[in-house]
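J.: The structure under discussion is supplied below as structure tokens; questions concerning it will follow.
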Amino acid sequence: MRHIISILIENESGALSRVAGLFSARGYNIESLNVAITEDPSLSRMTLVTSGSEQVVEQIIKQLNKLIDVVKLIDFAENTHIERELMMVKVKTTDHTRNEIRSLAEIFRGKVLDVTASTYVIEVTGPSEKLDAFVAAIAQETILEVVRSGPTGISRGEKGLSL
Amino acid sequence: MFIEVSVELSGAQILVQSLKDEGVEYIFGYPGGAVLHLYDAIFQQDAVKHILVRHEQGATHAADGYARATGKPGVVLVTSGPGATNAVTGIATAYMDSIPMVIISGQVPSPVIGSDAFQEVDMVGITRPCVKHNFLVKDVTKLAETVKKAFYVATTGRPGPVVVDIPKDITDPNIKVPYKYPKKVTIRSYNPAVNGDKEQVKKAVDLLMAAHKPVIYSGGGVVLGEASKELTEFSQLLGYPITNTLMGLGAYPATDKQFIGMLGMHGTYEANMAMHESDLIIAVGARFDDRVTGKLDMFCPYAKIIHIDIDPASISKTVKVDVAIVGEVKNVLEQMITLIKDHKAKPQKKALEAWWQQIGQWRAVECLEFDRESPLIKPQFVIEQLYAVTKGDAYVTSDVGQHQMWAAQYYKFDKPRRWINSGGLGTMGFGLPAAIGVKLAFPDADVACVTGEASIQMCIQELSTALQYKTPIKIINLNNRYMGMVRQWQEFSYESRYSHSYMDTIPEFVKLAEAYGHVGMRVERPEDVRAALEEAFALKDRTVFLDIITDRTENVYPMIEAGKGHHDMKLRVATGTSTDRELA
Ligand SMILES: Cc1cc2nc3c(=O)[nH]c(=O)nc-3n(C[C@H](O)[C@H](O)[C@H](O)COP(=O)(O)OP(=O)(O)OC[C@H]3O[C@@H](n4cnc5c(N)ncnc54)[C@H](O)[C@@H]3O)c2cc1C
Ligand SMILES: Cc1ncc(C[n+]2csc(CCOP(=O)(O)OP(=O)(O)O)c2C)c(N)n1
Ligand SMILES: [Mg+2]
């Protein structure tokens, strides 16, 4: 099963490689990983998407917690949460296809970020499945590039991940 | 009025002073360019004693042996590049067995890090998967605090090695900063558990009281957690059979009647059969290693399992358990003892009688019997004699192979920290330097290193260290002219194709020992073994190398072969003398 794990980690050089190294050394899946600073400059927040049996995910969480640099983590599979991923897609355009692509982007609440004579860059934000659906909806031969951030997540309400 | 004077020290002096303030007695090391400032600071004091090894791997194993024997952290100092990489095997060895160590490695100066400078390796990167934690010191004003953190992390919770990598400019003698060694440090993300959860402990005790065929399976965690006394009281209060892992030997007295021997691949028949038939296993500071469990889906098919461990990641890692208790084994056992004493139920007397009767039948198989009539020296006999000559009270280190298993099976350890071996990584070359570390810690104790002719050659250079620092140890070389453990597997699983498991040239160990300034003796007949051992141990102030020529066809029994369950052991075939056996 897919799990989104959100981690508060010391903002130290090498902290990221401890997490990445753990996954490769123990043969765990890693679908996406992103990391950036939080409101507290001593902490980074990392969101990691992984999958595996319940036993494997339990081990992943224990092993992550065991890293000295990991301050706290939350597994969103067991929580109600909001999930967002950002994607930019560069597509080929022609006079015939421009309108169609724009209206498709609108349906997905996407934005056209850049326009040239022959390309659009479209931004779409949302849960990962929505981005998958958008990519599937565009004519495949027109796609030039897809860049995705990987999902980030936050829990609803007062509960959450903080010190 | 007391005025706190803050002293100004260089980074090199700070490191040495920090070690002193931490109470470090010995550092095991080897100099080089990146640590010259440090060596100069070491030269100018004598509170912290430096032991100069002959190879950095030796430094790590010696520090490790010191740590295993004393419970105090072992300290290592190596230079950058090759010095650092030479230390990696020893760091990984300590990591796998959860041994507290602090390894200080020199690094190239900060400004040139990342430029492939002379003797630069990414030590923090290389050691990341085999340390509990590591640090790169970037600021001399943080050095003392970092050293304190390193000792704190290494020695608390589940212990382990911690590397502190120090660029040369940090130890510059010309840059002085105020020094103060912190009394205490905290790390917000690191809070090891202490007591067990009350509900879980109660649940466990209820299960224990209801069990009909219980087994206590205890491991290295009891030694690491100094909980031998509690384990013994707990076991004797219940009257249940107890087995130890290779790492747990000595945590419960081996000569006690409740002890049913080691379990696992080369464990006793009674221990493995009891595990297999049991209805309740309580694992105490043991980690369900694959050498213990055998084939997982056949492991303890009828048992509920309780597991006490300080590391949540050890619990339900390979074997799913029913009651998990995270905490210090000493504290949790104390909690359990109190509950057991107050419990309205008592252990199931009738069921327990039947269980002990059953165990008695398994014991009657006498799985450790061997051929005592052989004209050749049997390795098992040597260990029995070693036990007798040292009155069971020696520190015994070992290398890796058949000799290690025989030492574990035939030397009955009654005290913790007496049996010192590399279990998790299985590092050949461990035994000799480890023995030096032990002897430094306990100069008056008998220290024996049980080894094989292949293993001993992996760190033989440390014989020179043993002479320089006057650490008289006794090396018991069970010389079977084979990498016996490899040969045994080839005999069983590869139709006796002995591919590269022997060496055509083996040194004359007696001469080699003499060349290093020690006493060498060669023993070739069973009737000479006892006298040779007595003579060796009588030479109190000499290191003695006993080259004992043993039966080269001997195998370690019992054995659970790969893919088999506990109840499916290979036992010695007790017909005739095994000297009739010709190796194909
Ligand atoms: C040739 C060879 C053959 C071997 N054959 C066997 C064999 O037949 N049988 C056998 O048993 N082993 C054998 N081994 C050793 C095996 O590989 C493992 O090293 C060993 O079984 C692990 O022992 P352990 O489970 O006690 O764990 P250890 O490695 O000692 O781990 C200790 C556990 O206790 C926990 N712990 C630490 N401190 C505390 C504390 N204060 N409180 C609570 N918990 C704590 C740790 O988190 C860890 O889970 C062999 C090794 C070699 C090289
Ligand atoms: C550094 C290292 N290399 C290889 C091995 C694999 N290995 C395990 S036992 C063994 C043979 C050991 O031979 P010896 O020291 O003579 O002991 P014996 O088994 O004969 O008692 C080998 C090669 C190892 N454990 N460690
Ligand atoms: Mg050998």
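J.: At a Förster radius of 51 Å, what calculated FRET efficiency corresponds to the Cβ-Cβ distance of A:Lys92 and B:Arg291, to the nearest 0.05?
T.: On the way: r = 60 Å, r/R0 = 1.17.
Computed FRET efficiency for A:Lys92 and B:Arg291: 0.30.
J.: Could I ask something else about it? Given B:His343, B:Gln402, B:Ser80, which one lies farthest toward the positive end of the charge dipole of chain B, if we put +1 on the Cβ of every Lys and Arg and -1 on the Cβ of every Asp and Glu?
T.: The listed residue farthest towards the positive side: B:His343.
J.: While we're here: Would you kindly compute the Cα radius of gyration of chain B and its largest Cα-Cα separation (Dmax), both in Å?
T.: In Å, with Rg to one decimal and Dmax whole: 24.9, 85.
J.: Tell me the total accessible area that A and B bury against each other, 1.4 angstrom probe, in square angstrom rounded to 100.
T.: Details: alone 9450 and 24230 Å², together 32080 Å².
By this definition, chains A and B bury close to 1600 Å².
J.: Just want to confirm a number: the relative contact order over region A:2-78, from Cα pairs under 8 angstrom separated by 6+ residues, in percent.
T.: Here the relative contact order equals 48 percent.
J.: With a 1.4 Å probe and every protein chain kept in, tell me what percent of the accessible surface of region B:95-163 is carbon plus sulfur.
T.: On the way: 1450 of 2570 Å².
Ligands and nucleic acids excluded, carbon and sulfur give 56 percent.
J.: With chain A treated as a Gaussian network of Cα nodes joined by springs under 10 Å, which of A:Ser103, A:Ser51, A:Ser149 yields the largest mean-square fluctuation?
T.: Residue with maximal mean-square fluctuation among A:Ser103, A:Ser51, A:Ser149: A:Ser103.
J.: Name the residue farthest towards the positive end of the dipole of chain B from the options B:Ala324, B:Val137, B:Leu296, assuming +1 on Cβ of Lys and Arg, -1 on Cβ of Asp and Glu, about the Cα centre.
T.: The Cα lying farthest towards the positive end belongs to B:Ala324.
J.: Tell me which chymotrypsin sites (Phe, Trp or Tyr not before Pro) from region B:1-99 have a DSSP coil assignment and no more than 11 other beta carbons within 10 Å of their own. Don't skip to the answer; put the middle values down first.
T.: Working: sites: B:Phe2, B:Tyr26, B:Phe28, B:Tyr39, B:Phe43, B:Tyr66, B:Tyr95; in loops: B:Phe2.
Within region B:1-99, the qualifying chymotrypsin sites (Phe, Trp or Tyr not before Pro) (loop, at most 11 other Cβ atoms within 10 Å) are B:Phe2.
J.: Strictly over 30 Å apart at the Cα level, which of B:Lys415/B:Lys474; B:Lys330/B:Lys564; B:Lys203/B:Lys350; A:Lys72/B:Lys415; B:Lys317/B:Lys570; B:Lys72/B:Lys168 would you flag in this model? The partial results should precede the final answer.
T.: Numbers: B:Lys415/B:Lys474 20 Å; B:Lys330/B:Lys564 34 Å; B:Lys203/B:Lys350 22 Å; A:Lys72/B:Lys415 40 Å; B:Lys317/B:Lys570 28 Å; B:Lys72/B:Lys168 28 Å.
From B:Lys415/B:Lys474; B:Lys330/B:Lys564; B:Lys203/B:Lys350; A:Lys72/B:Lys415; B:Lys317/B:Lys570; B:Lys72/B:Lys168, over 30 Å: B:Lys330/B:Lys564; A:Lys72/B:Lys415.
J.: So, one more: Quick one: work out Rg over Rh on the C-alpha atoms of region A:82-152, Rh as Kirkwood radius. Can you show the working numbers first?
T.: Values: Rg = 11.4 Å, Rh = 12.0 Å.
Dividing the radius of gyration by the Kirkwood radius yields 0.95.
J.: For region B:198-289, what's the relative contact order in percent, using C-alpha pairs closer than 8 Å and at least 6 residues apart? Let's see the in-between values first.
T.: Details: 140 pairs, mean separation 35.0, N = 92.
With pairs under 8 Å counted, the relative contact order is 38 percent.
J.: Rounded to the nearest 0.05, what FRET efficiency do B:Arg522 and A:Ala77 have when you use their Cβ-Cβ distance and R0 = 60 Å? List each step's numbers first, then the result.
T.: Working: r = 65 Å, r/R0 = 1.09.
Efficiency, rounded to the nearest 0.05: 0.35.
J.: Treating only the Cβ atoms of Lys and Arg (+1) and Asp and Glu (-1) as charged, compute the dipole magnitude of region A:82-152 about its Cα centre; round to the nearest 20 debye.
T.: 140
J.: Something else now. If you count the DSSP beta bridges with both ends in the protein assembly as shown, what percent of them are antiparallel, to the nearest 5? List each step's numbers first, then the result.
T.: Working: 47 of 111 bridges.
Here the antiparallel bridges make up roughly 40 percent for the protein assembly as shown.
J.: Moving on. Let me have the 222 nm mean residue ellipticity of chain B computed from DSSP H runs of 4+ only, each contributing -39500 (n - 2.57), with the sum over all residues rounded to the nearest 500.
T.: Values: 20 runs with 206 residues, N = 584.
Value at 222 nm, helices only: -10500 deg cm²/dmol.
J.: For B:Val510 and B:Leu571 in one chain, what is 0.36 nm times their gap in residues minus the Cα-Cα distance, to one decimal in nm?
T.: Numbers: separation 61, 0.36 × 61 = 21.96 nm, distance 3.53 nm.
Fully extending the segment from B:Val510 to B:Leu571 adds 18.4 nm.
J.: From other protein chains only, count the Cβ atoms within 10 Å of every residue's Cβ in A:62-68, then give the mean.
T.: Numbers: counts 7, 3, 1, 3, 8, 4, 11.
Going residue by residue through A:62-68 and averaging, the value is 5.
J.: Please state the charge dipole magnitude for region B:364-508, taken about the Cα centre, from unit charges on C-beta atoms (+1 on K and R, -1 on D and E), reported in debye and rounded to the nearest 20. Spell out each step's value before the answer.
T.: Working: 13 positive and 16 negative charges, 86 e Å.
Charge dipole, region B:364-508, about its Cα centre: 420 debye, nearest 20.
J.: Could I ask something else about it? Suppose each label sits 7 Å from its Cα in the direction of the beta carbon; what would the B:Arg497-A:Ala137 distance come out to in nanometres?
T.: Once both label points are built, they end up 6.2 nm from each other.
J.: May I ask you to list the chymotrypsin sites (Phe, Trp or Tyr not before Pro) in region B:152-213 that are in a DSSP loop and have at most 16 other Cβ atoms within 10 Å of their Cβ?
T.: Working: sites: B:Tyr152, B:Tyr179, B:Tyr190; in loops: none.
Nothing satisfies the criteria.
J.: OK, next. Considering only chain B, what is the antiparallel percent among its DSSP beta bridges, to the nearest 5? Walk me through the numbers before you get to the answer.
T.: Values: 6 of 70 bridges.
The answer is about 10 percent antiparallel.
J.: May I pose another question? Would you please give the FRET efficiency between B:Glu353 and B:Asn195, computed as 1/(1 + (r/R0)^6) with r the Cβ-Cβ distance and R0 = 30 Å, to the nearest 0.05?
T.: Numbers: r = 34 Å, r/R0 = 1.14.
So, using R0 = 30 Å, E works out to roughly 0.30.
J.: Could you grab the relative contact order for chain B? Cα pairs under 8 Å, six or more apart, rounded to a whole percent. Spell out each step's value before the answer.
T.: On the way: 1297 pairs, mean separation 80.9, N = 584.
Relative contact order for chain B comes out at 14 percent.
J.: Compute, for the protein assembly as shown, the length of the dipole vector about the Cα centre, with Cβ point charges of +1 (Lys, Arg) and -1 (Asp, Glu) only. Units Debye, rounded to 20.
T.: On the way: 79 positive and 90 negative charges, 260 e Å.
Its charge dipole is roughly 1260 debye.
The values are calculated or read from the model by the stated rules, or taken from the named source; none is laboratory data. Remember, predicted model here, so these are calculated numbers, not experimental data. Note that each Cβ is placed from the backbone with ideal geometry, even for glycine, and that neighbours are counted across all protein chains shown. Heads up: the accessible areas ignore ligands, DNA and RNA and are worked out on the full protein's heavy atoms, side chains in. Shrake-Rupley method; radii C 1.70, N 1.55, O 1.52, S 1.80 Å.
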